[in-house]
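The values are calculated or read from the model by the stated rules, or taken from the named source; none is laboratory data. All values derive from a computational prediction rather than experimental measurement. Quick reminder, even Gly has a Cβ in these numbers, built from the backbone with ideal geometry, and neighbours come from all protein chains shown.
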Ligand SMILES: Nc1ncnc2c1ncn2[C@@H]1O[C@H](COP(=O)(O)OP(=O)(O)O)[C@@H](O)[C@H]1O
Ligand SMILES: [Mg+2]
């Protein structure tokens, strides 16, 4: 049975729809990311799960039970807020033990569990510090420890790393993933950072304008984007204009490949820059190089073609690289192309 | 003058005018009042610039003065407590309102400050007098048989002063509520805390600085208030400020009035500084 189920979840502020029709089923122990640009409804979704924002449409089921009537204080979820929302007048240990105190855990056990979780998040020796006297990364750990110590059935993280500098963020990503693996708590992370979502999650929920665009494992979502939004939001991509013949073949400017599933007519194909290759003349479609940029390990080439503007990478492996103005043949393997279906408009 | 020297002198030039005003309008009159409190005075000889401790001895030993000072600070403490009890929840509610409603309610809160003290206090007198609206209403619904005494009572003074001074409490507490993390209540609630616990353990400790600064303002203004005690308390119910006024303008015993005024000032400063120290030490973490 799924641990957490969202069914047709929706929320409006006045006439503005913030979230609409979110269907998601999360397995126990899974790490899920809600990924999307700012304002797409990620926080609203998370706050509905937490119980801070009332649900307008749909249901939330935790272990099969509807959460509608359960107040936030009784949901037993661990939440890390973007601003951390630590209690500034309490020490680190007091902050962490707060949830245990609310559960009337005896003092001795409270102390041992606090120390335990502090060790887990790498805060040993900080018990008597006040949050104000700590760096952003350390405060982030306190927030995580405070959420974890109550052994939550669900861990909700709202952009927990966005206030950290790039290097620290990467470090914390690794640690977060490792901590989540070791304790196995089902986790939902909200982020607008595609790298973070891909590095951390078992599955990514890509959201746009309050709706789900695609749900899948990071590599699937990256390699097989289903909509042009997903293709563009997760890394760079080429959208190629193509024509399907309705019998399992697709042609890009005369270059034919087998690609079942497309109805006859004009279609779009998404191909990642690293999957476009330079081919022998006649074994692809033609393109003219407009720009090339050396990036050390590889070259980044821009080109024009009848199928649209192209971006391709070419490993710096000692072979000659076409110069600006050269006409080249470009091809790709059928498996590297994703058929883009536009989301039906609401 | 070299540029460096003129730069070093700049702060003095810039603060100079304000310093002069402060010196001229506050320090010098204050010093003269202190000096005056050590002068002699007689019914027929008037003020005599001779050093004497007579006024201070009188203020310190006569139980009449003690009673008035006790009343003054009792009123000030009650007004401060009432302002905290009403003002803190009010500030919290204001803070949670939508911006449109908030500015309207804020205007209602600050309203009393926009009306002249005398007009406002007379309004209270009309409302609370023996034939006032409150008493007539209470009698009409049969709650009381004879009018309640508000006029010329401490209760009346406390009610009127609380009304005037509560905006200062609300504004001070509101300012400190705005500094709270907007998610702090959600954080506490997600950890299992109910409304009362959130208030007691999370919100109150963090707004102590606001409550303290509000209390200092309200206490100081209540203890030195003149118009409200004068109109509602009348001649029977003197407080330190009305006492000093009477000594100056009715008895014409300026030196004694000066001693009362200086004592009020010293007591106020001592009480405020003392409680400030105490509370800042107790809640050291939120005062950084
Ligand atoms: N309290 C609110 N009142 C009105 N609109 C809101 C409120 N909270 C969020 N919204 C709107 O809902 C949409 C989704 O917001 P949010 O969930 O915070 O996005 P995200 O976290 O993905 O950046 C936004 O358009 C935002 O303006
Ligand atoms: Mg957000």
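Which of the residues belonging to the range B:128-184 are surrounded by fewer than 13 Cβ atoms within 10 Å (Cβ to Cβ), at pLDDT 90 or above and within 28 Å of the chain's Cα centre (by Cα)?
Correct list: B:178, B:179.
Would you check if there is a residue in the range B:153-169 being farther than 27 Å from residue B:93 by Cα and part of a loop (DSSP other than H, G, I, E, B)?
yes
Please enumerate the residues belonging to the range B:114-127 that are out of contact with any helix residue (DSSP H, G or I) (no Cβ under 8 Å at 6 or more places or on another chain) and either modelled with pLDDT under 85 or assigned to a helix (DSSP H, G or I) (or both).
Correct list: B:114, B:119, B:123.
Looking only at the range B:87-109, how many residues end up being without any contact (Cβ under 8 Å) to a residue 60 or more places away in the chain and assigned to a helix (DSSP H, G or I)?
Residues flagged as without any contact (Cβ under 8 Å) to a residue 60 or more places away in the chain and assigned to a helix (DSSP H, G or I) within the range B:87-109 amount to 13.
Quick one: which of A:297, A:262 is on the phi < 0 side of the Ramachandran plot and touching a strand residue (DSSP E or B) at 6+ places or on another chain (Cβ under 6 Å)?
A:262
Do any helices (runs of 4 or more DSSP H) lying entirely in the range A:1-109 carry at least 2 residues that are within 14 Å of chain B (Cβ to nearest Cβ), within 16 Å of ligand 1 (Cβ to nearest atom) and over 18 Å from the mean Cα position of the chain (by Cα), and which ones are they?
Those helices (runs of 4 or more DSSP H) span A:42-50.
If you take the residues of the range A:156-169 that are farther than 16 Å from residue A:52 by Cβ and surrounded by 18 or more Cβ atoms within 10 Å (Cβ to Cβ), which of them is farthest from the other protein chains (Cβ to nearest Cβ)?
So in the range A:156-169, the residues farther than 16 Å from residue A:52 by Cβ come out as A:160-169.
When the remaining residues are screened for being surrounded by 18 or more Cβ atoms within 10 Å (Cβ to Cβ), the result is A:160-161, A:164, A:169.
On the way: A:160: 13, A:161: 16, A:164: 17, A:169: 20 Å.
Filtering first and then ranking leaves A:169.
For every residue, the table says whether it meets (1) modelled with pLDDT under 90; (2) surrounded by fewer than 17 Cβ atoms within 10 Å (Cβ to Cβ); (3) over 30 Å from residue A:8 (Cβ atoms).
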position: A:211; (1), (2), (3): no, no, no
position: A:225; (1), (2), (3): no, no, no
position: A:234; (1), (2), (3): yes, no, no
position: A:250; (1), (2), (3): no, no, yes
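Residues that are at pLDDT below 95 and within 14 Å of chain A (Cβ to nearest Cβ): list the helices (runs of 4 or more DSSP H) wholly contained in the range B:196-288 that include at least 2 such residues.
Counting at least 2 such residues, we get B:204-223, B:254-282.
I'd like the full set of residues that are within 16 Å of ligand 1 (Cβ to nearest atom) and within 15 Å of the chain's Cα centre (by Cα), limited to the range A:160-193. Steps first, answer last, please.
Kept after step one, since they are within 16 Å of ligand 1 (Cβ to nearest atom), are these residues of the range A:160-193: A:160-163, A:188-193.
Of everything in the range A:160-193, those that are within 16 Å of ligand 1 (Cβ to nearest atom) and within 15 Å of the chain's Cα centre (by Cα) turn out to be A:160, A:161, A:162, A:188, A:189, A:190, A:191, A:192, A:193.
Inside the range A:200-294, counting only strands (runs of 3 or more DSSP E) that do not spill past its ends, which hold 1 or more residues that are not assigned by TED's automatic domain parsing to the domain that holds residue A:189? Can you show your working first?
Values: elements: A:203-208, A:211-216, A:238-244, A:249-252, A:255-258, A:265-271, A:277-279, A:285-294.
In the range A:200-294, the matching strands (runs of 3 or more DSSP E) lie at A:238-244, A:249-252, A:255-258, A:265-271, A:277-279, A:285-294.
In the range B:175-186, how many are facing chain A (nearest Cβ under 7 Å) and touching a residue at least 12 places away in the same chain (Cβ under 8 Å)?
Step one: list which residues in the range B:175-186 are facing chain A (nearest Cβ under 7 Å), which gives B:181, B:183-184, B:186.
So of that shortlist, the ones also touching a residue at least 12 places away in the same chain (Cβ under 8 Å) come out as B:184.
Adding up the residues that qualify gives 1.
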